[in-house]
1. Trypsin sites (Lys or Arg not before Pro), restricted to segment 174-267: which are DSSP loop and have at most 11 other Cβ atoms within 10 Å?
2. So, by mean Cβ neighbours within 10 angstrom, what's the order for 61-67, 115-121 with the highest one leading?
3. Counting only helical runs of four or more DSSP H residues, what would the 222 nm mean residue ellipticity of the chain come to if each run contributes -39,500 (n - 2.57) and the total is spread over all its residues?
4. Provide the gained length on full extension for the span I272 to K207, in nm with one decimal, where the gain is 0.36 nm per separating residue minus the Cα-Cα distance.
5. Among the aspartates and glutamates, which fall within straight-line cross-link reach of K259, defined as a Cα-Cα distance under 19 Å, with same-chain neighbours fewer than 8 residues apart omitted?
6. Within segment 1-42, which GluC sites (Glu not before Pro) sit in a loop by DSSP and count at most 12 neighbouring Cβ atoms inside 10 Å?
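A short reminder: the numbers here are calculations on the coordinates, not readings from a lab. Worth saying up front: this structure is predicted, and the values here are computed from it rather than measured. Every residue, glycine among them, receives a Cβ derived from its backbone with ideal geometry; neighbour counts consider all protein chains shown.
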Amino acid sequence: MVSQRSESFIIEQSLPRARLDSFLRARFPEVSRGTIQRLIEGGHIRVNGRTVKATHVPRAGDLVSIIWPEARPAEAQPEDIPLDILYEDSDLLVLNKAPGIVVHPAAGNESGTLVNALLHYCGGELSGIGGVARPGILHRLDKDTSGCLVVAKNDNTHLRLAEQFAGRDVMKIYDAILCGEFRTPRGDIREPIARHPTQRKRMAIVKGGRQAWTSYEVVERFRGATLVRAQLHTGRTHQIRVHFQHLGFPIVGDDTYGKKQNARVREQTKCITPRQMLHAAVLGFTHPRTEKSVQFQAPWPEDFAEAIEALRSGEGSKKMRK
């Protein structure tokens, strides 16, 4: 069990349009808005020593006090699922997540998730802030996205890393294979992202959506496809997938955001992939205990490497030179 802990902080800048629950959700992105609202309603979150509503407007100088409740036993069951561990110490571990595995349990995916594997591997050594469904989980990768993912073993590590994610102080670099021959060697995509107005399982470029920034560099071009390395400066849902779709070059294997383009790639290159070709290649952050900058690299999984080799065997492969 993780013992109850509390923390306090002073709001440095007035936020005239922000509700307290929205403000805290941005400060603690690993905690769901529903959880924050329940903590406010239960008096676990106070402003200047008083209970308030979730709609309270934070102001500069306000003292916010939070009592994090004791973590309940995880409902997910431990399962002996292999993990590819890139690094581990007493505070955290960094994984190379395999494609096809869901990060945390949800309806229809109660078992076989990364959380089930972590519960088996770590036993009780996982932070409880994410709740019973997401112990230790700070961020997530889509089921079909592979690569670097950091997991917190205790609450202090969880909170300190969450601050870095919220402050955009975490380096997140992805390798992606795009449909089509992308000609611009490098650049930035700055387009706002929000839930698709009619297709609720998809995201889209939406005026008034949340700011999103992706920078990219072409690594290698093939006949009908392009390998790029992209850096996330923000962390919106499906950000890389949506941004490159917006440019007209969706990710190979991603029929959700590029069905027509993927059909063209399969016909043109004969390269058929089992999933979206998106891999979290590099993850860097400041270690919460040592305060030293650390950086981890995850090698491509077999299917990604095979896709690259299949494309290289076609006509016109060309590596980019910096």
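1. Values: sites: R183, R186, R190, R195, R200, K201, R202, K207, R210, R221, R223, R229, R236, R241, K259, K260, R264, R266; in loops: R183, R200, K201, R202, K207, R223, R236.
Passing both the DSSP loop test and the Cβ count: R183, R200, K201, K207.
2. Numbers: 61-67: 15.7, 115-121: 22.0.
Ranking, from highest mean packing down: 115-121, 61-67.
3. Values: 7 runs with 72 residues, N = 322.
Using -39500 (n - 2.57) per qualifying helix, the result is -6500 deg cm²/dmol.
4. 20.0 nm
5. D142, D144, E181, E267
6. E12
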